[in-house]
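Visitor: One structure coming up, written as structure tokens, with questions to follow.
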Amino acid sequence: MSKSQANWSADGSHIPDINPHTKAKHQILETYLENLIYTLYSKGRRGETTFTFVDGFCGGGMYCDRDNKSEWKGSPLRIIEAIRAGYKKSKREYDLNVKFIFIDNKRDHLACLKNYSMPKAGFGELVNGQPHKFKGEVGNLVEECEFICGEFENLVNEVIFKIDLRKGHSFFFLDPFGWTDVSMQSIRKINDLKRTEILYTYMIDYIKRFVCDRDGKDKDTFNRILDAEEYYQFDNFNTFDRIGGQCYLRNESMRLFRDKGKAKYVFTFSMIPRGDVSVLYYLMHLSQKLTALEVIKESFWQENNLDYQYYFELYGHGFRTADFYEDNQLELKFDVTQNSEYFCLEKLDIHLGRIIRNNQDGIIFRELCHQTMERNPASKEHYTNYINLLRNEKEIEIWRKGEIVKGRKVDLRKSDIIKLTKYKQLSLF
Ligand SMILES: C[S@@+](CC[C@H](N)C(=O)[O-])C[C@H]1O[C@@H](n2cnc3c(N)ncnc32)[C@H](O)[C@@H]1O
């Protein structure tokens with residue numbers, strides 16, 4: 001079933017089938033949010049305690065998983081589950097206050113979520129809109145759900161206003177059917193919130209069609225909604241080979257969301273449909289903080305199944321379903337992770353090596369991450385491993401509070417300074 005056909009009846013007697021890409025998307029969402037809570041709530045002595053999660057296109061909550069003859073939970077249920085898992089893992093003594101805002105423009109979809117899917121998943125106590133205490137071993141998780149029926153674009157101001165009042169960290173999951181349902185203006189407004197991030201399903205395949213015919217009937221809508229007049233400008237798009245074209249679209253999309261969407265960091269995960277070779281949509285992560293970028297990269301890494309040597313360089317982490325390989329009579333004979341690890345270190349050697357070499361007086365680790373994190377697949381752990389590798393080779397030394405750090409492996413801190421040791425050349429690969 002295609003994404004555009006997803007439909008839920010109010011009583012849950014009809015729910016849509018799930019497809020492999022939506023499953024992957026759900027897994028990324030869940031992994032990411034669990035990691036996010038764990039990172040921010042359990043940070044330091046007292047981490048962030050107030051969060052708002054907005055699922056702007058929430059759907060009815062439950063899908064039919066025909067392959068496994070079971071039901072499959074949709075994004076709203078997965079968001080709640082992920083927060084509970086992150087909270088339990090954190091084992092903190094202070095309370096965590098979470099508000100979920102679920103928006104859909106179809107009344108039946110929201111009814112299905114409230115009356116069928118949430119009770120079925122064991123979240124029945126959350127549908128009455130009252131705060132609910134989920135008792136942990138020590139501190140409590142206080143949860144509250146709000147359900148709003150309407151067009152996301154008409155509700156975005158109200159939601160931002162509520163988040164502004166609540167303060168704390170916010171996260172928007174924006175999963176519309178097409179590119180016309182979320183304007184760049186809304187993305188900008190959300191990014192104006194101080195501590196926020198967005199995971200956005202960006203339908204690049206539709207954009208590609210438009211780019212190939214940019215003087216067609218959708219031109220004004222495209223420019224008005226996406227503010228993209230000066231982007232995707234390459235006049236002879238058809239002369240690109242497949243990979244070059246994908247690469248161009250990815251880079252232009254990142255540039256657009258950085259400039260016009262006011263996102264400090266942009267990272268993409270490509271979704272490639274069954275039997276196809278090009279990207280249908282990107283899961284696009286927009287954030288203002290390096291930590292958020294680090295956490296999403298780790299989550300993407302876990303779900304990635306593209307062969308990096310060929311694909312990663314070109315358009316980011318990606319997901320292909322097993323059926324892709326069946327359709328193409330290819331088997332996953334190679335170990336994607338192993339190839340990827342090596343590729344990753346090689347990439348780091350090029351990017352980081354050059355920067356470290358050009359900073360004879362040293363570079364702060366935070367700055368090194370800031371300059372390179374969006375440009376490679378590496379997680380923070382890969383950075384740590386690579387820099388330790390350089391250190392073991394005596395290419396560099398790590399300085400903290402005016403002294404060289406000793407010990408076998410250094411767990412890097414953002415304020416550490418990486419300095420080139422004299423008389424050594426940087427080249428590991
Ligand atoms: C792809 S489905 C969402 C699936 C859900 N995020 C999940 O992963 O389980 C898109 C949903 O957005 C709703 N929708 C479509 N256009 C909308 C709009 N402009 N504002 C709010 N909701 C909208 C549809 O009714 C549908 O339920």
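Throughout, read-outs are computed from the coordinates displayed, never taken from laboratory work. Worth saying up front: this structure is predicted, and the values here are computed from it rather than measured. Every residue, glycine among them, receives a Cβ derived from its backbone with ideal geometry; neighbour counts consider all protein chains shown.
Visitor: What's the local net charge at GLN288, with K and R +1, D and E -1, over the other residues with C-beta under 11 Å away?
Guide: Values: positive: LYS194, ARG195, LYS262, LYS264, LYS289; negative: ASP192, GLU197.
The answer is +3.
Visitor: Please list, in chain and number order, the residues 5+ apart from ILE272 or on another chain whose amide H is under 5 Å from its amide H, with Hs placed from the backbone.
Guide: LEU280, PHE319
Visitor: So who's got an amide H within less than 5 Å of the one on VAL182, skipping anything under 5 residues away but keeping other chains? H placed 1.01 Å off N, in plane.
Guide: For VAL182, no residues qualify.
Visitor: When we measure straight from the Cα of LYS219, which aspartates and glutamates land under 18 angstrom away, once same-chain ones fewer than 8 places off are left out?
Guide: ASP181, ASP205, ASP227, GLU229, GLU230, ASP235, GLU252
Visitor: Another question, then. If amide H atoms are built 1.01 Å from N in the plane of the peptide, which residues on other chains or at least 5 residues away come under 5 Å of the amide H of PHE172?
Guide: The list, which skips near neighbours in sequence, is VAL54, GLU197, ILE198, LEU199.
Visitor: Now for a separate question. Taking each pair of distinct Cα atoms in the range 337-420 once, what is the resulting Kirkwood hydrodynamic radius in Å? Write down the numbers at each step before the final one.
Guide: Values: mean 1/r = 0.0780 Å⁻¹.
Hydrodynamic radius (Kirkwood, Cα pairs) of the range 337-420 is 12.8 Å.
Visitor: Follow-up question, since we're still on this one. HN-Hα J couplings of the range 204-212 from phi, Karplus 6.51/-1.76/1.60, θ = phi - 60°, integer Hz, Gly and Pro as x?
Guide: 5, 5, 5, 4, 4, 4, 5, 4, 5
Visitor: Under Stokes-Einstein, with the Kirkwood radius over Cα pairs standing in for Rh, what whole-number D in µm²/s applies to the range 1-77 at 25 °C and 0.890 mPa s?
Guide: Numbers: Rh = 14.2 Å.
Rounded, D is 172 µm²/s.
Visitor: Taking a cut-off of 16 Å, what percent of all Cα-Cα pairs in the range 119-178 are separated by more than that? Don't skip to the answer; put the middle values down first.
Guide: Values: 1104 of 1770 pairs.
Of all Cα-Cα pairs in the range 119-178, 62 percent lie more than 16 Å apart.
Visitor: In nm², what is the average projected area of the convex hull enclosing the Cα atoms of the range 177-228? It would help to have the intermediate numbers written out before the result.
Guide: Details: hull surface 14.9 nm².
With every direction weighted equally, the projected area is 3.7 nm².
Visitor: Determine ³J(HN,Hα), in whole Hz, for all residues of the range 147-160 in sequence, where each value follows from phi through the Karplus function 6.51 cos²θ - 1.76 cosθ + 1.60 and θ = phi - 60°; x replaces Gly and Pro.
Guide: 3J(HN,Hα) across the range 147-160, in whole Hz: 10, 10, 9, x, 6, 3, 4, 7, 9, 4, 4, 4, 5, 5.
Visitor: Could you pull out the GluC sites (Glu not before Pro) across the range 1-65 that fall in loop regions by DSSP (anything but H, G, I, E, B) with no more than 12 other Cβ atoms inside 10 Å?
Guide: Working: sites: GLU30, GLU34, GLU48; in loops: GLU48.
Taking the range 1-65 and a limit of 12 other Cβ atoms within 10 Å, no loop GluC sites (Glu not before Pro) are found.
Visitor: Please tell me which of these pairs span more than 30 angstrom C-alpha to C-alpha: LYS91/LYS297; LYS189/LYS419; LYS25/LYS99; LYS25/LYS260; LYS91/LYS380; LYS262/LYS419? Let's see the in-between values first.
Guide: Values: LYS91/LYS297 24 Å; LYS189/LYS419 40 Å; LYS25/LYS99 22 Å; LYS25/LYS260 25 Å; LYS91/LYS380 23 Å; LYS262/LYS419 33 Å.
Pairs exceeding 30 Å: LYS189/LYS419; LYS262/LYS419.
Visitor: If you filter the range 133-167 for chymotrypsin sites (Phe, Trp or Tyr not before Pro), then keep DSSP loop positions with at most 12 other Cβ within 10 Å, what is left?
Guide: none
Visitor: I've got another one for you. Tell me, what is the FRET efficiency for VAL142 and SER70 to the nearest 0.05, using R0 = 22 angstrom and their Cβ-Cβ distance as r?
Guide: On the way: r = 31 Å, r/R0 = 1.41.
Using R0 = 22 Å, I get an efficiency of 0.10.
Visitor: Once the Cα gyration tensor of the range 98-217 is found, what semi-axes does its equivalent ellipsoid get, as square roots of 5 times the eigenvalues, in whole Å, sorted largest first?
Guide: Numbers: eigenvalues 199, 68, 32 Å².
One finds semi-axes of 32, 18, 13 Å for the range 98-217.
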